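What follows is a single structure, written as structure tokens, with notes after it.
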Amino acid sequence: MNYRRPPHHFPGRWIVAIVAAIIATPATAETSHFGTLSLSPGFEPLEGRVTGHTGGSYSLSEISRRDRDKNPCVGFADPQPDHILTLTEDFQHINIKVKSGGHDTTILIQGPDDNTIRCGDDTGTNKDASFEDTDFKSGTYKIWVGTFNPGIRRNYTLRVQEK
């Protein structure tokens with residue numbers, strides 16, 4: 001007798017199911033070069049400070065050419081964000097400043113919905129980048145700190161302030 005297994009008994013189908021589940025599962029862990037900040041309203045000033053360094057040849061305009069206010073998004077950084085900022089609640093007004101000793105830095109902030117982009121450049125007569133805005137919703141923000149020319153390494157301190 002010539003016995004054939006019915007087609008619904010495919011021996012490797014559980015492997016296919018596992019692979020399909022892994023592919024369909026979204027990545028929830030955000031990674032950054034210099035770590036994360038988690039802030040709630042009324043946070044202490046030192047909680048809003050992190051350090052890092054610029055570098056990279058990835059054009060930030062690849063993320064977005066302009067932000068939500070039509071400001072140009074310029075500079076070069078690494079494709080991976082430098083910092084992850086988690087706001088546990090909505091904030092009415094936030095100021096984000098880069099301090100690099102006056103070097104020409106830029107900043108790009110991508111909001112929780114990935115479509116809300118905020119970009120910053122010079123702060124008054126200072127070449128360090130900053131961004132000040134209202135209506136920051138709770139969620140996770142990706143932050144890139146860049147320079148106008150690719151591959152330039154500048155040490156900096158990033159400061160987040162509640163206004």
Checked region 60-93 for anything of a type in the set (A, V, I, L, M, F, W, C) and in contact with a Phe, Trp or Tyr (Cβ under 8 Å, 6 or more places away or on another chain); matches are Leu60, Ile63, Val74, Phe76, Ala77, Ile84, Leu85, Leu87, Phe91
Considering only region 120-139, how many residues are touching a Ser or Thr at 6+ places or on another chain (Cβ under 7 Å) and either under 24 Å from Pro41 (Cα atoms) or in a loop (DSSP other than H, G, I, E, B) (or both)? 5
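Results for (1) more than 20 Å from Glu162 (Cβ to Cβ); (2) surrounded by 18 or more Cβ atoms within 10 Å (Cβ to Cβ), shown as yes or no for each residue.
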residue: Thr31; (1), (2): yes, no
residue: Phe34; (1), (2): yes, no
residue: Gly56; (1), (2): yes, yes
residue: Gln80; (1), (2): yes, no
residue: Asp90; (1), (2): no, no
residue: Gly102; (1), (2): yes, no
residue: Asn115; (1), (2): yes, no
residue: Lys142; (1), (2): no, yes
Matching residues in region 140-154 (in a strand (DSSP E or B) and over 18 Å from Leu37 (Cα atoms)) number 2
All but one of (1) more than 15 Å from the chain's Cα centre (by Cα); (2) free of Cβ contacts under 8 Å to residues at least 60 places away in the same chain; (3) closer than 19 Å to Ser32 by Cα hold for Glu62; state the number of the condition that does not hold. (1)
At pLDDT below 95 and out of contact with any Cys (no Cβ under 8 Å at 6 or more places or on another chain): is that true of Thr123 in this structure? yes
If I filter region 74-89 for residues that are of a type in the set (Ser, Thr, Tyr) and modelled with pLDDT under 95, do I get at least one hit? no
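The values are calculated or read from the model by the stated rules, or taken from the named source; none is laboratory data. The shown structure was predicted, so the numbers you read here are calculated from the model rather than taken from an experiment. Cβ coordinates were reconstructed from backbone atoms using ideal geometry, including for glycine residues, and neighbour counts include every protein chain displayed.
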